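Note sheet for the following structure.
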Amino acid sequence: MAAQITPLVMPKWGLEMREGTVAGWLVEEGARLEVGTPVVDVETDKISNAVEAPDPGLLRRKVARDGERLPVKALLGVLAEADVPDADIAAYIAAYEVPAADDEGEEAAPAYAWAEVDGIRVRYARRGPEGGVPVLFLHGYGGDLGNWLFNLDALAATAPVIALDLPGHGQSDARLPGTSLAELSAFVDAFLAQIGVDRVHVVGHSLGGAIGAQLALDHPQRVASLALINAAGLGAEINADYTRGFASAASRRELKPVVEQLFADPSLASRQMVDDLLKYKRMDGVGELLDALQGALFANGRQAETPGLRLAERDVPLLVVWGAQDRVIPVAHAGHAPPRATVQVLEGAGHMAMMEQAGEVNALLKRHIGA
């Protein structure tokens, strides 16, 4: 009967997550769940999000309590159909053991690797199976590979994934190969050559989307498919209050309202997120680097380069995803995609759609890459 029981467990969001706090249940015991139904809110040090039902069924038992802090893979609840006896549910819960921590077994490899590309040291991560065309994740302006914390493991379940800190971001060297999209995409091309990867499915967010589009134009042999999430490069307009504000903010008071513009729900801009961004911005050379990028690419609320508008020149499978409440780049830019593109606008999401609607974005990416 255990085969008819589905555990709902504490997820692993991001390469560094070890535990999470149950913030509140969203459904009651006995509720009918479909795949992807939000079931329980979980908070981490970085951000909060909803754990979704992995399979259809009834929520037969809530195991975790509100406010409880639990390790990754701990049992949160149990899903099963009505014909599964209560005694079997109770026996399953009593016998459940939290699987070994990630520092044991096959996941013992380091979370991050490093490569030197054109004299710039770059942090990156690789997950998932060894075979197949990898999925390359490119983050946006001021971000890092942690922006994909809700997406990497989900995609790595079926495909190899690679995510890097772009030059001047995250833990990569605070140096730029240049400030044009051509120079940044050439760097990504050189990075792939350095780590021995010939071809990738590119997933780019914001500035990373513009770099991905430029990569498809300049180095088409590299790009098996392209997915753009709230991407720069599909139109001229951009919120100058955000780009200038992010570059210039020097304190929590200045930075928090800027970061809140990234989300449809401003409360997702957690204290830890703001503190991490301040720590990054205070690193030597980062302030000047962000100013240089902002001035070259986003000066005066205008995007200097729009490679996304030229994607009709390339026969590359294209997915465009946008948060309907994006306050950084207008959602109208999704309509600028070539006619052959698959376009999806997500309600309840702002500029960080891959965080705010992670389940839907992951499902779209899996279908796109699988096709």
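I need the full set of residues from segment 51-89 which are among the small types (Gly, Ala, Ser) and either free of Cβ contacts under 8 Å to residues at least 24 places away in the same chain or buried (at least 18 other Cβ atoms within 10 Å of the Cβ) (or both), in order please.
Ala53, Gly57, Ala64, Ala74, Gly77, Ala80, Ala87
Failed condition for Thr158, given (1) under 21 Å from the mean Cα position of the chain (by Cα); (2) modelled with pLDDT of 95 or more; (3) surrounded by fewer than 22 Cβ atoms within 10 Å (Cβ to Cβ), with all others met? Failed condition: (2).
What about Val320, is it among the β-branched types (Val, Ile, Thr) and over 24 Å from Glu183 (Cα atoms)? Taking the combined requirement at face value, the residue does not satisfy it. Of all residue pairs spaced 6 or more apart or on separate chains, those with beta-carbon atoms under 6 Å, a first member in segment 312-340 that is over 24 Å from Asn362 (Cβ atoms) and a second member that is assigned to a loop (DSSP other than H, G, I, E, B) are Ala312/Pro338; His336/Leu234; His336/Gly235. Within segment 261-303, the residues that satisfy the criterion of being surrounded by fewer than 18 Cβ atoms within 10 Å (Cβ to Cβ), more than 22 Å from the chain's Cα centre (by Cα) and not in a helix (DSSP H, G or I) are Arg282, Met283, Asp284, Gly285, Arg302. If the condition is being assigned to a loop (DSSP other than H, G, I, E, B) and under 20 Å from the mean Cα position of the chain (by Cα), then segment 36-72 contributes Gly36, Thr37, Thr44, Asp45, Lys46, Ile47, Ala53, Pro54, Val72.
Contact map, segment 209-233: residues that are under 25 Å from Ala264 (Cα atoms) and assigned by TED's automatic domain parsing to the domain that holds Ala341 paired with residues that are modelled with pLDDT of 95 or more and of a type in the set (Ser, Thr, Tyr), Cβ distance under 6 Å, separation 6+ or inter-chain. Pairs shown: Ile211/Ser185; Asn230/Ser206; Ala232/Ser206; Gly233/Thr306.
Taking residues in segment 253-267 that are in contact (Cβ under 8 Å) with a residue 24 or more places away in the chain, and partners anywhere that are assigned to a loop (DSSP other than H, G, I, E, B) and hydrophobic (A, V, I, L, M, F, W, C), the pairs with Cβ atoms closer than 7 Å and at least 6 places apart or on different chains are Leu255/Ala249; Gln261/Val328; Leu262/Ala269; Leu262/Val328; Leu262/Met352; Phe263/Ala269; Phe263/Met352; Ala264/Ala349.
May I ask you to verify whether Thr44 is closer than 21 Å to Gly348 by Cα, hydroxyl-bearing (Ser, Thr, Tyr), surrounded by 14 or more Cβ atoms within 10 Å (Cβ to Cβ) and touching a Phe, Trp or Tyr at 6+ places or on another chain (Cβ under 8 Å)? Judged against the criteria, Thr44 is a match.
Table: residues versus (1) at negative phi; (2) in the same structural domain as Ala358 (by TED's automatic domain parsing); (3) of a type in the set (Lys, Arg).
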position	(1), (2), (3)
Thr21	yes, no, no
Trp25	yes, no, no
Val35	yes, no, no
Val40	yes, no, no
Asp45	yes, no, no
Asn49	yes, no, no
Gly57	no, no, no
Lys62	yes, no, yes
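For segment 347-368, the criterion of being farther than 15 Å from Leu207 by Cα, within 23 Å of the chain's Cα centre (by Cα) and without any contact (Cβ under 8 Å) to a residue 12 or more places away in the chain is satisfied by at least one residue. The criterion of being part of a loop (DSSP other than H, G, I, E, B), closer than 23 Å to Ala231 by Cα, free of Cβ contacts under 8 Å to residues at least 40 places away in the same chain and in the same structural domain as Ile229 (by TED's automatic domain parsing) does not hold for Gly140.
The residue that is farthest from the chain's Cα centre (by Cα), counting only those in segment 250-260 that are of a type in the set (A, V, I, L, M) and at pLDDT 95 or above, is Leu255. Picking from residues in segment 76-106 that are assigned to a loop (DSSP other than H, G, I, E, B) and among the small types (Gly, Ala, Ser), the one that is modelled with the highest pLDDT is Ala82.
The values are calculated or read from the model by the stated rules, or taken from the named source; none is laboratory data. The structure displayed is predicted, hence computed values, not measured ones. With ideal geometry, Cβ positions are generated from the backbone for all residues, glycine too; neighbour counts draw on all protein chains shown.
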